[in-house]
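Visitor: This is the structure, below, for whatever I ask next.
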Amino acid sequence: MAETARLTVLTGPHKGHRFCFRGSAHCLVGRAADCFMRFAGTDRDLQISRHHCELHIDPPAVLVQDLGSRNGTFVNGRPVDGTESGAGDVQSGDVITIGGTSFVVDLVNCPDHPDVDRDPGWKPDQVAMEDCPIPCPSDGALPLVKSSDGGRFAIL
């Protein structure tokens, strides 16, 4: 099983889109064309800066760092700043908000080698995917929860 960070848009015009990460990645989030998580095309998206924040992902670790955005980056309603020490440590179930768009971070366990008939989009060495076909915990993936001693995540 592979630990996977799955980000699902909860609010805004991009509601329902999913972004999945199966390995270490730095992900730009914003309106610019070079952002992997790009939110552009509607008036509501204008609340999001071109380079709004960056996600540092290495499942199960996820950090979010604001990149000097005009409207700020929030984790569960609390602002994060642009310094390395001010980056927000994100846990499974946390909600990140930028402008008028919020997305939830879920850490799930997924098969290392997906069934190509059901999951044809993943390439063998691919780390990230937009609108990924990874099943949600409610449809078969196993959710991860951080242990009470602050150690590794465990399968529920």
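The values are calculated or read from the model by the stated rules, or taken from the named source; none is laboratory data. Because the structure is predicted, anything quoted here is derived from the model rather than measured. Cβ sites come from the backbone with ideal geometry, for glycine too, and all protein chains shown count toward neighbours. Areas reflect the complete protein model, heavy atoms only, side chains present, ligands, DNA and RNA absent. Shrake-Rupley method; radii C 1.70, N 1.55, O 1.52, S 1.80 Å.
Visitor: Using a Förster distance of 25 angstrom, determine the FRET efficiency expected from the C-beta separation of ASP58 and ALA33, and round it to 0.05.
Guide: Working: r = 25 Å, r/R0 = 1.01.
Result of the calculation: an efficiency of 0.50.
Visitor: How charged is the neighbourhood of GLY99? Take every other residue with its Cβ under 15 Å from the Cβ of GLY99, and add Lys/Arg as +1 and Asp/Glu as -1.
Guide: Every neighbour counted, the sum reads +3.
Visitor: Leaving out ligands, DNA and RNA, and with a 1.4 Å probe, what % of the accessible surface on the stretch 39-87 is carbon or sulfur?
Guide: The C+S portion of the solvent-accessible surface of the stretch 39-87 is 48 percent.
Visitor: May I pose another question? Given the protein chains as shown and a 1.4 Å probe, how many square angstrom of ASP125 are accessible, to the nearest 10?
Guide: Spelled out: ASP125, probe radius 1.4 Å, area about 140 Å².
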